[in-house]
Amino acid sequence: MSATTDHTVRGGARRIRTLLRVKRPGRLAAEAAALLIAVAVAFPLYWMVLSAFKPAGEIQSTDPRPWTLAPSLDSFRRVFEQQDFGRYFLNSLLVAGTVVILSALIAFLAATAVTRFRFKFRTTLLIMFLVAQMVPVEALTIPLFFLMRDFGQLNTLGSLILPHLAFSLPFAIWMLRGFVRAVPEALEEAAYIDGASRTRFLWQILFPLVFPGLVATSVFSFITTWNDFLFAKSFIISDTSQSTLPMALLVFFKPDENDWGGIMAASTVMTIPVLVFFVLVQRRLVSGLGGAVKD
């Protein structure tokens with residue numbers, strides 16, 4: 001009996017090794033493809049940072065090289081010497097931070113409402129959230145311009161906060177709806193039995209459970225708001241003190257010759273807050289994208 005069992009185990013192990021050998025070439029091909037994609041994605045970022053540290057002569061050279069032996073901070077010096085660059089940076093932080101916080105709070109409450117409550121036109125409202133994502137931003141820029149003009153919001157940071165808040169909410173609500181729905185209703189009933197009010201359940205129990213989803217939606221809101229150029233160019237017309245960081249790049253675009261070193265240095269500076277924000281929330285982001293709340 002033991003000999004038969006031993007033979008069966010050896011046969012099973014042999015089949016497993018055979019399957020592994022068969023799958024190994026496919027796995028290697030997948031890993032090679034993933035590596036090539038990662039290189040293709042990372043190379044523009046590497047070239048941007050490299051060009052920011054290159055001297056002007058190397059940037060304008062007709063024989064570009066993927067390295068530099070004489071790194072220089074001249075491009076960064078020109079960036080930080082630009083008038084009101086610090087103000088542009090703070091304006092971008094204010095606009096992006098406000099959109100992230102407001103969109104997270106409103107989306108959380110709205111997602112809870114459309115998930116936990118039954119009301120008229122609930123399904124229609126959810127479909128409208130999807131339809132809102134299909135409309136190109138460029139198609140709404142002119143109507144939004146007249147809307148901001150009528151509200152007296154042109155040349156203010158409010159003209160940047162309100163549109164980005166409106167565009168980020170449908171995606172955030174739709175995504176958070178899945179997280180709220182994944183929380184068992186039995187947990188809510190148990191909280192009520194223990195004497196918790198609806199407000200306490202909402203903020204002390206439900207909010208921590210869906211927090212990974214809030215992080216995922218916040219990353220989307222932060223990146224789109226931080227990198228915005230279209231609204232900043234369209235709604236901030238005369239008061240440059242209300243401009244954001246992407247508008248600072250226009251200083252380095254000149255009619256006779258573009259300052260590519262300054263452009264790359266300013267772009268590198270713009271990328272740093274996004275990387276810092278991503279590093280701070282990366283753990284929550286991974287669980288949020290994978291669906292952290294499970295029954």
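The values are calculated or read from the model by the stated rules, or taken from the named source; none is laboratory data. Remember, predicted model here, so these are calculated numbers, not experimental data. Glycine gets a Cβ as well: all are built from the backbone with ideal geometry, and neighbour counts include every protein chain shown. Quick note on the areas: whole protein, heavy atoms, side chains included, nothing else; ligands and nucleic acids left out. Shrake-Rupley method; radii C 1.70, N 1.55, O 1.52, S 1.80 Å.
The table for this structure:
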{"item": "Distance from the stretch 214-265 to the stretch 100-115 (C-alpha centre basis), Å", "result": "28"}
{"item": "Pair THR271, LEU140: separation of 7 Å Cα→Cβ label points (nm)", "result": "3.0"}
{"item": "All-pairs alpha carbon distance profile, the stretch 113-180, 10 Å steps from 0, percent", "result": "18, 41, 28, 14, 0"}
{"item": "Histogram of C-alpha separations across the chain, 5 Å bin width, %", "result": "1, 5, 8, 10, 11, 11, 11, 10, 9, 7, 6, 4, 3, 2, 1, 1, 0, 0, 0"}
{"item": "Difference of contour (0.36 nm per residue) and Cα-Cα distance, GLN133 to ALA40", "result": "30.7 nm"}
{"item": "Over the stretch 155-295, relative contact order from alpha-carbon pairs under 8 Å, at least 6 apart, %", "result": "39"}
{"item": "MRE, 222 nm, helices only [DSSP H, n ≥ 4, -39500 (n - 2.57), over the chain, to nearest 500]", "result": "-25000 deg cm²/dmol"}
{"item": "Extension gain, THR68 back to ALA30 (0.36 nm per residue minus Cα-Cα distance, nm)", "result": "10.4 nm"}
{"item": "With DNA, RNA and ligands ignored, accessible area of VAL100 (1.4 Å probe; Å², nearest 10)", "result": "20"}
{"item": "Rh by Kirkwood over Cα pairs, then Stokes-Einstein D for the stretch 16-159 at 1.002 mPa s and 20 °C, µm²/s", "result": "97"}
{"item": "Pairwise label distance in nanometres, ARG122 with GLU189, each label 7 Å out on the Cα-Cβ vector", "result": "1.7"}
{"item": "Cα shape, the stretch 176-254, gyration tensor, a/c 1.5 rule", "result": "prolate"}
{"item": "The chain, relative contact order [Cα under 8 Å, separation at least 6], %", "result": "29"}
{"item": "For the stretch 148-189, radius of gyration divided by Kirkwood radius, i.e. Rg to Rh on alpha-carbons", "result": "1.33"}
{"item": "Contour minus Cα-Cα distance for ILE205 and PHE220 (0.36 nm per residue)", "result": "3.0 nm"}
{"item": "Vicinal HN-Hα couplings computed from phi for the stretch 59-67 (Karplus, 6.51 cos²θ - 1.76 cosθ + 1.60; Hz; Gly/Pro x)", "result": "5, 8, 5, 7, 10, x, 10, x, 7"}
